[in-house]
Amino acid sequence: MDFGFILSSIEPVLMPSNLLLIFLGALGGILIGSIPGLTSTMGIALLIPFTYGLEITNSVGMLLGIFCGAMYGGSIAAILIRTPGTPAAAATVLDGYPMGQKGEAGRALAVALFSSFAGGIIGASLMSFLSPVISKMALKFGPAEFFTLAVFGLSVIISISGKSITKGLITAFFGLLIATVGMDKQSGYMRFTRALGLMEGIPFIPALIGLFALSEVFSNIENILSSGKVTAKISGALPSWSDIKRIFTTIVKGAGIGAFIGAVPGAGGDIAAFVSYSEAKRVAKHPELFGSGVPEGIAAAESANNGCTGGAMIPMLALGVPGDSNTAVLMGAFILQGFQPGPMMYVEHLDVVYAVFASMIMANIAFLIVGMAGVKIFAKVISLERKFLIPAILVLSLVGAYAINRNMFDVYFAIAMGVIGYLLQKYEFPLSPILLALILGPLCEVNLRRFMQIDNGEFWRIFTKPICVVFLILALASMVTAVIQQRKINRLTGEAGGSGN
Amino acid sequence: MKKANIVCALVGMIFSAGVFIATLGFRQFRNVPVGPEFFPRWLSAGLFICCLALLVVSLGTKSDQAAPSISPFDKGIQRLLIGLAIAIAYAACWEPVGFIVITPVAVFALMFLLGKREYRSMLLMAAGSTAVIFCAFRFLLGIDMPMGLFSLFGI
């Protein structure tokens, strides 16, 4: 390994002007990520025109700042207003919001920030050292492997169902069903409706905003007089030493899961975060506390979605295949600058590859610093009087739903999903399985049908593929352990209730 | 909660049965092992089975705590329905009236509905939140919000 060459390659990354651009990118990314309805993809796409005249190092540094910053920024809205700022922060809601409601919003934000940073650094390091190896594995993914990956992702539903697995499955089936509405991508057949706004299927971001933000707004309007003011305790911008020790293993594991799932083209931070959350719950000493606001829940989700940023870069750089929508837009930025990502990149432009690795590390450091400066400001949001906050959240949610396609249908759809979410929540049906189903349902269906088409309808052939078998075993293990765990939780809570009586 | 669970299970069963029947009318494609009807049909069957399980379990359990009410005579529900009407009317006014004009009105109305009566701070909050959200989306993110009446003046 030529260390002199590596040092000369990363030198431009450490120039003050480049660092400033990375910091600006991280700040913009955090802002974009924290606004529900705005995604990092949109942020990167918006900024690409501003990077035309920049050097490749400056351009990629700034865009990576947005990518990493937005991935963390999603957790801010998830913790404070129960709305994942980005789909990747959906699993953060599960423990982040309850923690905020307990008056520990500052602690939750600090855990999210540290876990995102550590996950991002681990993911970027894995990207640097393992990209040639992982990219070879990712290349082996065909429709059958994607289908079983989606099945594995869906197996997580049981562990995020809360008190009633039956109710969790009902909402999951409901989510999977509504994910089939609209034009069938393979045959062009319109399923269930010809409504213009639903042609392309259920609008995902408005659905997410409706289910999580508007349902909470409606619930607050109903119960405003009985809800007290929540004050956020803020002891520091970073978690305490005892919290760091507590979440350390979860972070390392989450980052690994994130980097691996991110490296699979088509699988993003949202899936990684749920899988990591489920794994953290599975191995926890007290799984019954998950969902009530434990730092491990936030750490698992945030380390995985930020670990994913490094993972998603692997197939993009090594194969020229973007791992997700963010890297697809980033790839566009590379091409605009005259660089074609792919295997030849490691031969012809190794200096750029090293510069990208260094920029990724710097982007993570940048959002850590910006996030540390902002934790106190973000946490203040929750201390605002609810009678002021709720109308503002309603407006922001509707604007977020509108912003994606600039389409009024999406706004009304978000309101409708808000009503459905409010009713489901009122009768103790968990909402997270719907979200997971909306993410994984189309992936599952499209790949199953492709696989069946290729293999002439012989489903059994899936058991002859080693990667598929591994995913199916993991899915089965995940479901069985989740059921056993839920029984244990129900027994423990039953005993606690009994002793209480 | 027992009654509520039974009602929810029955609603789910009717919904899933309706979906299943709808899939029977889907066009059949030849030479396609898995057609567009396959997923919705199996998923509706799965939903039906889960709802049936909820119904059976609920029928077999003793009545526990009371389910939360959705009666229109409940004060909280009345407030919610008014809030929902404000949200729908607010969205409906974006295009004809304009985001800048209607947003402070909607924010003010919602604060009033929530029981706030400090009119000066309510006005400030309504105007301030509108300005911040509008400027952030229009100038920072380049997203044009519907201008309604203002578009008549070329804004």
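With +1 on each Lys and Arg Cβ and -1 on each Asp and Glu Cβ, how big is the dipole of the protein assembly as shown about its Cα centre, in debye rounded to the nearest 20?
1760 debye
The residues of region B:2-60 have, on average, 55 Å² of accessible surface per residue, using a 1.4 Å probe with all protein chains present. The contact residues of region B:26-72, meaning those that lose at least 50 Å² of 1.4 Å-probe accessible area when all protein chains sit together rather than their chain alone, are B:26, B:33, B:34, B:36, B:39, B:43, B:47, B:50, B:54, B:68, B:70. Please name whichever of A:146, A:435, A:94 sits farthest to the positive end of the charge dipole of region A:3-494, dipole taken about the Cα centre and charges placed at Cβ: Lys and Arg +1, Asp and Glu -1. Of A:146, A:435, A:94, it is A:94. Once Rh for the protein assembly as shown is found with the Kirkwood sum over Cα pairs, what is the Stokes-Einstein diffusion coefficient at 25 °C and 0.890 mPa s, in µm²/s? Roughly 96 µm²/s, to the nearest whole number.
Amide H contacts of residue A:190 (H built 1.01 Å from N, in plane; Pro and chain starts excluded): A:184 sit under 5 Å, all sequence-distant by 5 or more or on other chains. Classify chain B as rounded, prolate or oblate, taking a ≥ b ≥ c as the square roots of the eigenvalues of its Cα gyration tensor: rounded when a/c is under 1.5, otherwise prolate if a/b is larger than b/c and oblate if not. Oblate, since a/c reaches 1.5 and b/c is not below a/b.
Its convex hull of Cα atoms gives region B:75-153 a direction-averaged projected area, equal to a quarter of the hull surface, of 5.8 nm². Taking 10 Å² as the minimum loss, tell me which residues in region A:177-200 lose that much accessible area going from the chain by itself to the full protein complex (1.4 Å probe). Buried on complex formation: A:177, A:180, A:187, A:189, A:191, A:192. Kirkwood analysis of region A:446-491, using all unique Cα-Cα pairs, places the hydrodynamic radius at 12.5 Å.
Please return the longest range in chain A lying between exposed loop sites, taking GluC sites (Glu not before Pro), DSSP loop only, at most 14 other beta-carbon atoms within 10 Å, and leaving the sites out. Here the longest run is A:1-199. On the protein heavy atoms, probe 1.4 angstrom, tell me the percent of accessible surface of region B:2-60 carried by carbon and sulfur. Reported share for carbon and sulfur atoms: 73 percent. Peptide A:213-222 shows a mean partner chain C-beta count of 4 within 10 Å per residue C-beta.
For chain A, the solvent-accessible area of protein heavy atoms averages 36 Å² per residue (probe radius 1.4 Å; ligands and nucleic acids excluded). For the pair A and B, the buried accessible area comes to roughly 5500 Å² in total, with a 1.4 Å probe and the value rounded to the nearest 100.
For region A:274-357, trypsin sites (Lys or Arg not before Pro) are listed when DSSP marks them as loop and at most 11 other Cβ atoms sit within 10 Å of their Cβ; the list is A:285.
A loss of 40 Å² or more of accessible area (1.4 Å probe, protein heavy atoms, ligands and nucleic acids excluded) relative to the isolated chain is seen in these residues of region B:133-153: B:133, B:137, B:141, B:143.
With both labels modelled 7 Å from their Cα along Cα-to-Cβ, the residue B:45 to residue B:119 distance reads 6.5 nm.
Normalised by the number of residues in chain A, the mean separation of alpha-carbon contacts (under 8 Å, six or more apart) gives a relative contact order of 28 percent.
Expressed as a whole percent, the accessible surface of region B:75-153 that belongs to carbon and sulfur atoms is 74, based on a 1.4 Å probe.
With contacts defined as alpha carbon pairs under 8 Å and 6 or more residues apart, what's the relative contact order of chain B in percent?
For chain B, the relative contact order is 22 percent.
With contacts defined as alpha carbon pairs under 8 Å and 6 or more residues apart, what's the relative contact order of region B:2-60 in percent?
Worked out over region B:2-60, it gives 57 percent.
How many percent of the accessible area of chain A is carbon or sulfur, using a 1.4 Å probe? Exposed carbon and sulfur together represent 67 percent of the surface.
Solvent exposure of region B:75-153 amounts to 49 Å² per residue of accessible area, where only protein heavy atoms count and the probe is 1.4 Å.
The values are calculated or read from the model by the stated rules, or taken from the named source; none is laboratory data. Everything quoted here is computed from the prediction, not taken from an experiment. FYI the Cβ positions are ideal-geometry reconstructions off the backbone, even for glycines, and counts take in every protein chain you see. To get the accessible areas, we keep the full protein, side chains included, count just its heavy atoms, and leave off ligands, DNA and RNA. Shrake-Rupley method; radii C 1.70, N 1.55, O 1.52, S 1.80 Å.
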